[in-house]
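The structure appears right after this line, and notes come after that.
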Amino acid sequence: MAGANPFQSLLKEINVNGETFHYFDIASFPEFRELPYSVRVLLESAVRNCDNFQVLEKDVRGILRWKQLKGVPAADTELEIPFKPARVILQDFTGVPAVVDFAAMRDAVLKLGGDPDRINPICPSDLVIDHSVQVDFARSEDALAKNQDLEFERNRERFTFLKWGAKAFNNMLIIPPGSGIVHQVNLEYLARVVFQEAGSAPVRMLYPDSVVGTDSHTTMINGLGVVGWGVGGIEAEAVMLGQAISMLLPEVIGYRLVGRLSPLVTSTDLVLTITKHLRQIGVVGKFVEFFGPGVSELSIADRATISNMCPEYGATVGYFPVDKNALDYLRQTNRAEEKVRVIEAYLRATDQLRDFGNAEQDPVYTQIVELDLASVVTSVSGPKRPHDRVAVSEMKEDFRQCLVNKVGFKGFAVPEAEMGAEGSFSWTDGKTYTLRHGSVVIAAITSCTNTSNPSVMLGAGLLAKKAVEAGLKVAPYIKTSLSPGSGVVTYYLKESGVIPALEELGFNVVGYGCMTCIGNSGPLDDNVANTIEKSNLVCCGVLSGNRNFEGRIHPNTRANYLASPLLVIAYALAGTVDIDFEKQPVGTRPDGSAVFLRDIWPTRQEIQAVEQKHVIPAMFRDVYAKVELGSPAWQELDAPTGKLYPWDGASTYIKRPPFFEGMTRDLPTIGSIVNARALLNLGDSVTTDHISPAGSIARNSPAARFLSERGLTPRDFNSYGSRRGNDDIMARGTFANIRLVNKLVAAAGPRTLHIPSGEEMDVFDCAQRYAGEGTPLIALVGKDYGSGSSRDWAAKGPYLLGIRAVIAESYERIHRSNLVGMGIVPLQYVAGQNAESLELTGRELFSIAIPANCKPHEKITVSTDCGKQFEVIVRFDTEVDLEYFRNGGILNYMIRKMID
């Protein structure tokens with residue numbers, strides 16, 4: 001049971017603004033100043049929450065030994081530590097299944113004889129309904145209103161459910177739809193930096209803000225000095241219920257920035273450079289902490305852009321400690337001055353306020369790498385991965401090489417005879433347009449990475465203004481859109497006078513939330529889509545998001561490039577990525593004279609002058625003063641009342657999940673997996689986009705058939721994201737990506753082989769057939785399994801398909817944790833081995849001997865029916881992982897804990 005805090009003697013008082021606060025003086029530890037600033041946050045949490053039950057005194061001592069364990073040189077010892085984040089942030093897509101699970105857990109607790117009222121968030125939860133807006137309407141003055149009206153119509157049931165959840169569960173703050181994307185609302189409004197919380201005594205407690213979120217880009221908040229990262233929904237739910245996250249004490253890579261950026265490059269160019277660099281270094285599972293004099297040259301928005309891309313370079317966090325610029329940002333975004341004074345006083349008292357120009361403050365790091373900001377050049381990334389950076393000066397040559405390369409991350413294998421392929425179509429303006437390899441058909445300034453950054457958003461506006469003044473236009477068939485991250489962005493774009501130019505080029509504001517980056521660009525015109533398909537063209541999407549994985553953006557854009565908002569407009573004007581901007585004009589004036597990109601490109605100084613004039617605290621005050629109230633449609637929404645949700649058995653949106661069916665008070669017996677079949681045999685870099693349902697529901701898919709059988713037409717299918725509260729849909733959409741490469745079948749797509757019969761079928765249908773035959777399932781995969789977004793359905797879906805274990809060469813951190821959370825065994829080949837070296841075809845029968853007293857990282861044996869045996873490492877990384885597995889998953893563990 002919990003006991004007294006052994007570090008109570010570290011509790012100190014501080015007086016600010018005439019008010020007394022308490023805080024734990026972690027700076028008094030002798031080892032403190034050698035700790036990276038991000039590790040200091042982990043230390044404070046352990047000290048404050050130390051009860052010798054969930055958090056032990058030895059855990060605190062272990063963190064204090066960071067230099068010996070993870071400094072230079074890093075020891076091989078892996079130390080498990082607990083971490084209790086200050087809060088949880090839920091994004092709509094992942095928030096819906098979290099609330100669904102909470103509602104189902106209440107039902108299960110009641111059924112098992114417990115008190116359902118115990119299922120309530122203990123850790124504060126911020127729920128942002130940044131619902132996915134499908135861009136059905138793009139180039140129209142009222143595109144925003146039309147898209148949002150359509151989204152409310154499509155998602156009324158989902159919104160009603162969430163509104164119920166906000167009333168039914170304590171300690172949950174909800175931000176209604178249409179307010180902005182979760183990461184930006186977190187940055188501009190929700191982040192506390194330092195919590196000022198009332199405790200049991202009249203004196204208030206101060207401690208660092210920290211957060212885990214159900215989206216991998218929760219890391220964006222690291223740019224403001226808040227330690228946070230993405231977790232699966234199931235892990236987030238456990239934190240909401242008061243459980244500590246069990247994690248390994250991380251290595252911390254010190255990323256030293258020096259110099260200054262060129263006046264012509266953007267923060268997007270910088271982040272794409274850093275992303276490629278850190279991927280090459282290898283930082284999966286590690287913290288990255290930025291330091292050095294170059295950090296002071298970056299705004300908080302610049303830092304947040306870098307931190308946002310943390311999942312793309314693979315780290316757990318990309319952290320910028322709090323400095324004076326961060327405090328100034330709080331003031332700029334209308335945080336109360338008295339609160340900022342408290343934040344500064346606390347950070348100074350605990351030696352957590354950073355001066356990046358003072359090298360004496362530099363802590364110890366596991367490894368230090370350096371980047372000279374002056375070396376950054378204008379860049380894009382693609383055509384299939386966010387870390388495949390290409391200098392814009394080399395883009396033409398690189399794209400042409402990609403066309404002829406063999407199929408892969410940098411190849412499309414276009415035959416030489418088809419290099420000049422083209423197709424023409426007529427448009428409503430009476431003109432004929434021609435598409436070729438490299439033609440741009442989607443150009444989107446889309447929410448997430450860049451839209452929190454005024455420098456690139458205003459830069460895009462200024463470029464658009466200069467382009468319009470030069471008489472340039474964007475071809476009408478290119479689907480252009482602008483989806484700001486919050487209402488503040490629209491506010492300052494209007495105030496600075498650039499909206500008319502953006503709209504003139506087709507970049508109308510279309511909504512707030514996840515859009516093109518998640519595959520919700522909406523349909524292309526039939527003439528465009530048919531021309532691409534008929535001529536087998538490699539056409540392109542250019543977007544300012546963070547993900548461009550294969551099959552994610554749109555079925556008709558085989559190549560997709562991440563770019564700054566300025567370059568999105570530039571490539572839209574050019575109409576192709578097959579261009580050298582230095583030598584070829586981006587367009588022509590009405591008089592026929594050439595306009596080069598350099599003629600219309602704004603400098604960093606031009607942009608900053610506009611930013612300083614127009615991005616002011618009053619904007620944030622006006623926008624966020626009424627953010628929790630929501631739109632009239634939200635206010636009029638009638639939600640159910642009561643502690644238990646009245647489930648509708650006919651609903652195709654919200655359904656009680658089957659995870660707790662048949663659950664007993666007693667622990668289930670752990671058994672080996674005998675005579676399992678491989679449902680899939682996959683290669684390297686299989687992302688959660690390949691696994692988890694996302695984007696639109698294909699009309700020939702199992703999910704579409706399920707909906708059609710219930711009387712829905714394709715117009716009403718909506719997206720997988722909007723239906724994440726219904727396991728029937730999500731199970732059918734698991735592994736439904738059209739670019740999935742499964743070695744059991746010949747062509748890419750969501751198909752697999754039913755091995756006993758030799759019949760090829762949809763993945764879901766095959767899994768159902770195996771279930772009917774009583775056959776357990778596994779998956780064989782390669783390196784970096786589960787990279788990408790922290791989607792809980794990438795684990796829930798395989799669980800519902802009957803997958804009991806995964807054998808991989810390596811895992812992305814969040815996905816491995818999610819598999820454990822669903823009771824799926826993550827197994828890893830020993831070093832130097834994989835399916836190919838072991839000559840596994842995936843057609844074997846597999847038996848996996850799982851000992852009842854299994855230990856973290858234990859080696860166990862896999863046997864096949866052809867006589868082969870090989871060892872694998874059980875990727876239960878901690879004792880807590882094992883406890884979750886023994887219970888059948890993390891939520892089952894929590895239910896049993898609630899009814900003890």
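The values are calculated or read from the model by the stated rules, or taken from the named source; none is laboratory data. Predicted model only: the values in this text are computed from it and were never measured. Positions of Cβ are backbone-derived with ideal geometry, glycine not excepted, and every protein chain shown enters the neighbour counts. Note: accessible area is taken over every heavy atom of the protein model, side chains too, but ligands, DNA and RNA are not part of it. Shrake-Rupley method; radii C 1.70, N 1.55, O 1.52, S 1.80 Å.
Of all residues in region 252-273 being of a type in the set (D, E, K, R) and surrounded by fewer than 22 Cβ atoms within 10 Å (Cβ to Cβ), which is farthest from the chain's Cα centre (by Cα)? Steps first, answer last, please.
Within region 252-273, the subset of a type in the set (D, E, K, R) is 256, 260, 269.
When the remaining residues are screened for being surrounded by fewer than 22 Cβ atoms within 10 Å (Cβ to Cβ), the result is 256, 260.
Values: Arg256: 25, Arg260: 29 Å.
Residue satisfying both the conditions and the ranking: Arg260.
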Out of the residues in region 681-703 that are touching a helix residue (DSSP H, G or I) at 6+ places or on another chain (Cβ under 7 Å) and in a helix (DSSP H, G or I), which is modelled with the lowest pLDDT? Thr688
Kindly list the number of the only condition in (1) touching a residue at least 60 places away in the same chain (Cβ under 8 Å); (2) at positive phi that fails for Glu839. (1)
Give me the residue from region 159-208 that is part of a loop (DSSP other than H, G, I, E, B) and among the hydrophobic types (A, V, I, L, M, F, W, C) and, out of that set, modelled with the lowest pLDDT. Ala201
Ser296 fails exactly one of the following numbered conditions: (1) open to solvent by 20 Å² or more (accessible area, probe 1.4 Å); (2) of a type outside the set (Asp, Glu); (3) assigned to a helix (DSSP H, G or I); (4) over 26 Å from Val377 (Cα atoms). What is the number of that condition? (4)
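Filter region 565-585 down to the residues that are β-branched (Val, Ile, Thr) and out of contact with any strand residue (DSSP E or B) (no Cβ under 6 Å at 6 or more places or on another chain), then identify the one that is surrounded by the fewest Cβ atoms within 10 Å (Cβ to Cβ).
Applying the first criterion (β-branched (Val, Ile, Thr)) to region 565-585 yields 568-569, 576-577, 579.
Then drop every residue that is not out of contact with any strand residue (DSSP E or B) (no Cβ under 6 Å at 6 or more places or on another chain), which leaves 569, 579.
Working: Ile569: 33, Ile579: 21.
That would be Ile579.
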Hits in region 837-850 - residues which are in contact with a strand residue (DSSP E or B) (Cβ under 7 Å, 6 or more places away or on another chain) and either open to solvent by 50 Å² or more (accessible area, probe 1.4 Å) or assigned to a loop (DSSP other than H, G, I, E, B) (or both): Leu838, Leu840, Gly842, Glu844, Leu845, Ala849, Ile850
Output the qualifying pairs, or none if there are none: Cβ atoms under 6 angstrom, residues six or more apart or on different chains, first residue in region 743-760 and open to solvent by 20 Å² or more (accessible area, probe 1.4 Å), second residue polar (S, T, N, Q). Lys743/Asn681
List the number of the failed condition for Ala678; all other conditions in (1) out of contact with any Leu (no Cβ under 9 Å at 6 or more places or on another chain); (2) small (Gly, Ala, Ser); (3) surrounded by 12 or more Cβ atoms within 10 Å (Cβ to Cβ); (4) outside any loop (DSSP other than H, G, I, E, B) hold. (1)
Tyr893: passes all of (1) over 23 Å from Leu112 (Cβ atoms); (2) hydroxyl-bearing (Ser, Thr, Tyr); (3) open to solvent by 20 Å² or more (accessible area, probe 1.4 Å) but (1)
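Take Val317 and decide whether it is of a type in the set (Val, Ile, Thr), closer than 29 Å to Asp25 by Cβ and within 22 Å of the chain's Cα centre (by Cα).
Criteria met by Val317.
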In region 763-787, anything over 26 Å from the mean Cα position of the chain (by Cα) and open to solvent by 20 Å² or more (accessible area, probe 1.4 Å) is listed as Asp765, Gln768, Arg769, Ala771, Gly772, Glu773, Gly774, Thr775, Pro776
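Of the residues Arg791, Arg816, Arg739, only one is out of contact with any strand residue (DSSP E or B) (no Cβ under 9 Å at 6 or more places or on another chain) and surrounded by 21 or more Cβ atoms within 10 Å (Cβ to Cβ); which?
After applying the criteria, what remains is Arg791.
Having 3 or more residues that are modelled with pLDDT of 90 or more is the bar; report the helices (runs of 4 or more DSSP H) wholly within region 583-648 that clear it. Give the derivation first.
Values: elements: 597-600, 604-614, 617-624, 632-636.
Correct list: 597-600, 604-614.
Hey, can you tell me all the residues within region 498-535 that are within 25 Å of Phe735 (Cα to Cα) and assigned to a loop (DSSP other than H, G, I, E, B)?
Filtering region 498-535 down to residues within 25 Å of Phe735 (Cα to Cα) leaves 513-524, 529, 533.
Of everything in region 498-535, those that are within 25 Å of Phe735 (Cα to Cα) and assigned to a loop (DSSP other than H, G, I, E, B) turn out to be Gly513, Cys514, Met515, Gly519, Asn520, Ser521, Gly522, Pro523, Leu524.
Yes or no: Glu844 touching a Cys at 6+ places or on another chain (Cβ under 9 Å) and of a type outside the set (A, V, I, L, M, F, W, C)?
Values: touching a Cys at 6+ places or on another chain (Cβ under 9 Å): yes; of a type outside the set (A, V, I, L, M, F, W, C): yes.
Yes, satisfied.
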Which ones in region 405-423 are surrounded by fewer than 14 Cβ atoms within 10 Å (Cβ to Cβ), closer than 17 Å to Cys539 by Cβ, more than 31 Å from the chain's Cα centre (by Cα) and aliphatic (A, V, I, L, M)? Met419
Residue ranges of strands (runs of 3 or more DSSP E) in region 299-410 with at least 3 members not aliphatic (A, V, I, L, M): 367-372
Counting only residues in region 526-553 that are open to solvent by 10 Å² or more (accessible area, probe 1.4 Å) and at pLDDT below 90, the one nearest to Gly408 (Cα to Cα) is identified as Glu550
Taking region 511-523 only, how many residues are in contact with a helix residue (DSSP H, G or I) (Cβ under 8 Å, 6 or more places away or on another chain) and aliphatic (A, V, I, L, M)? 1
If you go through region 689-708 one residue at a time, how many are open to solvent by 10 Å² or more (accessible area, probe 1.4 Å), touching a Phe, Trp or Tyr at 6+ places or on another chain (Cβ under 6 Å) and not hydrophobic (A, V, I, L, M, F, W, C)? 2
Identify the single condition in (1) closer than 28 Å to Val390 by Cα; (2) in contact (Cβ under 8 Å) with a residue 12 or more places away in the chain that Lys583 does not satisfy, given that it satisfies every other one. (2)
Selection from region 801-836 of residues within 18 Å of Val872 (Cα to Cα), part of a loop (DSSP other than H, G, I, E, B) and touching a residue at least 12 places away in the same chain (Cβ under 8 Å) yields Glu809, Ser810, Glu812, Gly823, Ile824, Val830, Gln833, Asn834, Ala835
Mind listing whichever residues of region 97-123 are within 27 Å of His217 (Cβ to Cβ) and open to solvent by 30 Å² or more (accessible area, probe 1.4 Å)? Ile122
Return the residues of region 854-882 that are open to solvent by 40 Å² or more (accessible area, probe 1.4 Å) and modelled with pLDDT under 90; say none if nothing qualifies. Glu879, Val880
